[in-house]
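This report refers to the structure that appears directly beneath it.
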Amino acid sequence: MATNQVASTQTQNIVPVQAAFNTTGQCLGLVGPGGAYFSPPLTSDVITGATIDNSPIGSTTPSTVNATNVSVNGNLVISATAPTIASGFGTSPTIVGFSTAAFAVTVGSGGAASGTISLPAAPNGWAVACQDVTNSSTVFAQQSASTNTSVSVTGYSVTTGLPTNFIAGDKLVFTAMAY
């Protein structure tokens, strides 16, 4: 006896969406093509201190969010406050960056085995990733201390694992997130 053979297919459609917000920053839901809501209001999501470009889907410029800080449940994660050099990193090091999301330190003359960066107040401390992008084959950078307003980084020899100086002119690239 023959059975009816039915083809089974699965299609995944990726649909551009926008979030709709009220004047207090509360997300009212997700809006798909044609303005149709397809999610219920999101009562716990709030954006504060931000400018939202609510241009329509399909416009010639992308929508953007310009925020002063990124927080989760009211706790700072990334700050728009530029970090500063507190100590170390040689004589007259420089720092370039406009937030804790990513910034770079150029080691000053004389070099140094370590340095400390001042950061805005975090709930508990700061976790950083740092790479010496100039001499990564001879020295690696590792976080060696953290407070709620600073983080220290030490250079280590790739071959021996012992503390070693960053060389004057080395560029150290950082990302920092509050915890």
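Laboratory data are not the source of any read-out in this text; all were calculated from the coordinates shown. Here the structure is a predicted model, which is why all the values come from computation and not from measurement. For neighbour counting, all protein chains shown are included, and Cβ atoms are generated from backbone atoms with ideal geometry for every residue, glycine included.
Stick to Cα atoms and the Kirkwood definition of Rh, then tell me Rg/Rh for the range 79-178.
Values: Rg = 12.4 Å, Rh = 13.1 Å.
My calculation puts Rg/Rh at 0.95.
Here the range 64-127 and the range 141-179 have alpha carbon centers that stand 12 Å from each other. Ranked by the mean number of other Cβ atoms within 10 Å of their residues, highest first, the peptides 137-143, 147-153 come out as 147-153, 137-143.
Our coupling estimate for the range 145-157, obtained by passing each phi through the Karplus curve with A = 6.51, B = -1.76, C = 1.60 and θ = phi - 60°, is 6, 7, 10, 6, 10, 7, 9, 10, 10, 10, x, 10, 5 Hz, Gly and Pro reported as x.
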